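One structure is given below, encoded as structure tokens.
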Amino acid sequence: MSSFYDFTNFRRSTDNINGGIERQQNRQKPLKLWRSSSLVNIVGNSNKKSPVYESSPITERFRKYGSTESLNTLDGFKNRKQIWRLKEFESANWDTIVTIVLVAAKGLPLPPNDGAGHELYCKFRLGPETFKSKSVIHSRQPEWRERFNLHLYKDNLLKLSLWDKGRQKNFMGSCVLDLSTIEKERTHEIWQQLDDGYGFIHLSLTMCVVRYVPAQHRETIKTDDLQHKDQNTLDLKSDWKLVGSLHVKVIKAKGLSGKSSAYCKLELNNERLRTHRTSSSFEPMWNKSYVLDVYDVTSELKITVLGSSLRNALLNEFLGQVSIPLLRINNGEARWYALKGRNKRNAARGNCPRILLQMNINWNPIKATLRLFRPKEVKHIQKPYKMDISILLKNLVTFSDWYNKLLSVNEKFKSLFEWDNRELSALALLVWLIFCYHLKPWAVPLILLLPFLFFWSYTWIQGDSFDNDTENNEGTHDSRKDNKGLGDKINNMQDVTTTVSFALDIGVSVVERIINLITFKVPFLSYVAMSLLVIVSVMLYFMPFNYLLMLFGIYKFMRKYLNPDRMLNNDLIDFISRIPDNKLLKDWKELNVPEPTP
């Protein structure tokens with residue numbers, strides 16, 4: 001195999017590592033399929049010996065649990081006491097969940113050219129738990145984008161191995177991470193080098209304490225450390241990708257539906273944290289602080305409240321969510337946020353469900369401004385796109401409305417050149433000539449600034465009523481649509497579909513005509529376009545741009561008097577209409593003339 005992958009002493013290291021991994025798998029096999037939420041798996045593993053069973057003493061707490069109805073069903077099995085010991089071990093020896101996102105790898109050797117398909121997968125081992133990733137096509141930069149949740153026991157060593165699956169299973173490398181040196185309640189982007197092979201593995205790792213820890217043993221965030229980190233973020237000499245930091249304190253929630261054990265998930269781009277579970281209550285209290293790195297101030301903090309109960313022992317119940325833009329955060333203010341449902345439009349179930357948060361964001365304006373012109377951070381795991389019929393129909397209606405508005409504006413604009421209203425046309429011609437005469441290149445950005453100034457002043461005068469009026473108008477518009485009958489909705493949708501189809505056909509046809517013009521599908525039209533571009537370039541060289549705009553305006557307004565019998569037209573559109581699109585070119589395509597048969 002060394003000739004294929006060019007590893008040094010590859011066969012020797014593979015045998016040693018394979019042997020070690022097989023011994024570890026054989027030793028830990030009784031715990032591999034064990035899950036805390038499944039009594040069936042507990043029963044299935046009850047007859048198997050494990051060092052964990054023998055080392056965990058029976059406590060009075062689980063003698064008490066042994067008399068409950070759920071565990072009395074296991075009386076017929078021989079090793080019921082060992083099951084209780086395993087349960088005690090699980091409850092007493094971990095309080096942290098390690099979330100690993102296997103993103104990608106780079107710098108891997110190419111697979112051997114043996115005619116077989118090669119795929120890559122990773123294996124994770126943390127304490128008694130082992131996970132295997134999905135298989136992806138072998139390349140130098142494969143991507144998995146898969147999430148795993150492991151429990152942190154006494155063993156803090158996370159072992160990762162990379163494997164190639166072809167005609168036979170080949171070892172590609174491994175690495176070990178000491179989790180005791182990694183800060184908890186933070187998300188860490190790690191590029192770990194493989195020890196036994198070539199390449200790097202990209203991991204996004206987060207460790208969150210999800211079980212309640214007494215106050216005297218709880219890890220707290222030091223204020224001095226936060227202030228020191230904020231100063232480093234504001235320093236221009238620090239990492240330019242890091243814009244700032246966000247401090248979030250999740251205090252409590254009220255009005256949730258159901259009396260369940262609730263916890264919160266905090267998401268900011270690729271950072272994903274979670275609180276501990278509270279006791280079953282309608283008003284859970286967490287009072288936990290977190291720090292998240294900010295790489296884009298236009299991002300949003302998403303907080304989801306979930307719960308679990310005896311009725312939903314396996315699946316977490318959705319209790320509500322809220323999305324908070326970072327630019328709308330008021331520093332130091334403890335504020336209630338109403339929880340929304342899954343559609344993010346209506347309130348969640350419950351008695352006015354809400355969550356109390358206190359946030360503080362510090363960011364560098366210079367870094368944040370420069371970051372706006374860089375690519376956005378891509379999420380490691382994204383939900384696949386699903387077509388929503390309601391959104392599709394809404395987009396069709398919106399597109400149809402805007403298309404009809406553009407047609408009406410075009411008709412009003414053409415009426416100025418036809419002098420239907422002489423006073424208005426004369427005023428428009430005068431304004432055009434004055435504008436073109438005084439136009440300077442430096443004034444173009446200021447002209448584009450005018451809409452911003454207008455709406456800024458309007459918003460400053462009207463206040464919040466402008467947004468409220470817009471929301472009320474949208475609600476009224478939707479209610480009018482909902483009041484229509486089924487027949488009216490069907491007829492309206494037919495008109496909308498026809499309009500959208502017609503507009504799309506026009507757009508696609510124009511694009512195809514321009515491409516055919518550039519690619520000399522009709523050489524005569526391409527030569528005409530080239531000649532016009534040369535003439536315009538010469539005119540711009542000898543004549544100021546302002547005067548050309550003035551002459552163009554005079555020509556457009558005076559065409560009716562120069563040629564009273566002409567038809568309304570647009571010169572550029574008329575020229576483009578002469579260019580064939582792909583459909584017309586297919587109609588023009590000549591077939592081979594068959595030879596006459598004797």
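The values are calculated or read from the model by the stated rules, or taken from the named source; none is laboratory data. Just so you know, these numbers come straight off a predicted model, no measurement behind them. Cβ placement follows ideal geometry from the backbone for every residue including glycine, while neighbour counts extend to all protein chains displayed. Heads up: the accessible areas ignore ligands, DNA and RNA and are worked out on the full protein's heavy atoms, side chains in. Shrake-Rupley method; radii C 1.70, N 1.55, O 1.52, S 1.80 Å.
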- Task: Could you tell me which numbered condition Asp505 fails, if it satisfies all but one of (1) modelled with pLDDT of 80 or more; (2) exposed (fewer than 11 other Cβ atoms within 10 Å of the Cβ); (3) not basic (Lys, Arg)?
- Result: (2)
- Among the candidates Asp488, Asp495, single out the residue that is over 35 Å from the mean Cα position of the chain (by Cα), modelled with pLDDT under 80 and in a helix (DSSP H, G or I). Asp488
- Among the residues of region 555-569, write down those that are within 24 Å of Ile535 (Cα to Cα) and either touching a Lys or Arg at 6+ places or on another chain (Cβ under 8 Å) or open to solvent by 70 Å² or more (accessible area, probe 1.4 Å) (or both). Tyr555, Arg559, Leu562
- Would you be able to say whether some residue in region 416-430 is under 30 Å from Leu339 (Cβ atoms) and either touching a helix residue (DSSP H, G or I) at 6+ places or on another chain (Cβ under 7 Å) or β-branched (Val, Ile, Thr) (or both)? no
- Task: Can you work out which of the residues in region 247-296 that are of a type in the set (Phe, Trp, Tyr) and not in a strand (DSSP E or B) is modelled with the highest pLDDT?
- Result: Tyr295
- Message: For region 85-108, check the following and say yes or no: at least one residue is modelled with pLDDT under 90, hydroxyl-bearing (Ser, Thr, Tyr) and in contact with a strand residue (DSSP E or B) (Cβ under 8 Å, 6 or more places away or on another chain).
- Response: yes
- Task: Spot the failing condition for Met359; the list is (1) over 30 Å from Met493 (Cβ atoms); (2) in contact (Cβ under 8 Å) with a residue 60 or more places away in the chain; (3) assigned to a helix (DSSP H, G or I), and only one is missed.
- Result: (3)
- Please verify whether region 500-507 includes one or more residues that are assigned to a helix (DSSP H, G or I) and in contact with a Phe, Trp or Tyr (Cβ under 8 Å, 6 or more places away or on another chain). yes
- Item | Pair list, Cβ under 8 Å, 6 or more apart: region 321-334 residue on the phi > 0 side of the Ramachandran plot, other residue open to solvent by less than 60 Å² (accessible area, probe 1.4 Å) | Gly332/Asn360
- Query: Just one of Leu357, Leu424, Leu339, Leu406 is surrounded by 12 or more Cβ atoms within 10 Å (Cβ to Cβ) and modelled with pLDDT under 90; which is it?
  - Reply: Leu424
- Message: Any residue that is part of a helix (DSSP H, G or I) and either of a type in the set (Ser, Thr, Tyr) or modelled with pLDDT of 85 or more (or both) - is there at least one of those in region 467-475?
- Response: yes
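So which residues in region 554-598 are more than 49 Å from the chain's Cα centre (by Cα) and within 14 Å of Arg513 (Cβ to Cβ)?
Applying the first criterion (more than 49 Å from the chain's Cα centre (by Cα)) to region 554-598 yields 554-555, 557-567, 590-598.
Of everything in region 554-598, nothing turns out to be more than 49 Å from the chain's Cα centre (by Cα) and within 14 Å of Arg513 (Cβ to Cβ).
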- So which residues in region 141-167 are without any contact (Cβ under 8 Å) to a residue 40 or more places away in the chain, touching a Lys or Arg at 6+ places or on another chain (Cβ under 7 Å) and within 20 Å of His380 (Cβ to Cβ)? Gln141
- Item | Subset of region 367-398 [open to solvent by less than 90 Å² (accessible area, probe 1.4 Å), in contact (Cβ under 8 Å) with a residue 12 or more places away in the chain and outside any loop (DSSP other than H, G, I, E, B)] | Lys367, Ala368, Arg371, Leu393, Leu396, Val397
- Is it true that Arg147 is at pLDDT 90 or above, open to solvent by 20 Å² or more (accessible area, probe 1.4 Å) and closer than 30 Å to Pro284 by Cα? yes
- Scan region 182-203 and report the pairs whose first residue is without any contact (Cβ under 8 Å) to a residue 40 or more places away in the chain and open to solvent by less than 50 Å² (accessible area, probe 1.4 Å) and whose second residue is assigned to a loop (DSSP other than H, G, I, E, B) and not polar (S, T, N, Q), with Cβ atoms within less than 8 Å and a gap of 6+ or a chain change. His188/Ile182
- Message: The conditions are (1) buried (at least 17 other Cβ atoms within 10 Å of the Cβ); (2) within 19 Å of the chain's Cα centre (by Cα), and Asn362 fails exactly one of them. Which is it?
- Response: (2)
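Being part of a loop (DSSP other than H, G, I, E, B), in contact with a helix residue (DSSP H, G or I) (Cβ under 6 Å, 6 or more places away or on another chain) and either among the aromatic types (Phe, Trp, Tyr) or within 30 Å of Trp442 (Cβ to Cβ) (or both) is the requirement here; does Phe520 meet it? So that I can check it myself, show each step before the final result.
Details: part of a loop (DSSP other than H, G, I, E, B): yes; in contact with a helix residue (DSSP H, G or I) (Cβ under 6 Å, 6 or more places away or on another chain): yes; either among the aromatic types (Phe, Trp, Tyr) or within 30 Å of Trp442 (Cβ to Cβ) (or both): yes.
Against the criterion (part of a loop (DSSP other than H, G, I, E, B), in contact with a helix residue (DSSP H, G or I) (Cβ under 6 Å, 6 or more places away or on another chain) and either among the aromatic types (Phe, Trp, Tyr) or within 30 Å of Trp442 (Cβ to Cβ) (or both)), Phe520 qualifies.
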- Item | Sole exception among (1) more than 20 Å from Gly244 (Cβ to Cβ); (2) of a type in the set (Gly, Ala, Ser); (3) within 24 Å of the chain's Cα centre (by Cα) for Ala334, by number | (3)
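Would you confirm, using the coordinates I've provided, whether Gly320 is in a strand (DSSP E or B), over 19 Å from Val378 (Cα atoms) and at pLDDT below 90? Steps first, please.
Details: in a strand (DSSP E or B): yes; over 19 Å from Val378 (Cα atoms): yes; at pLDDT below 90: no.
So Gly320 does not fit the description; no.
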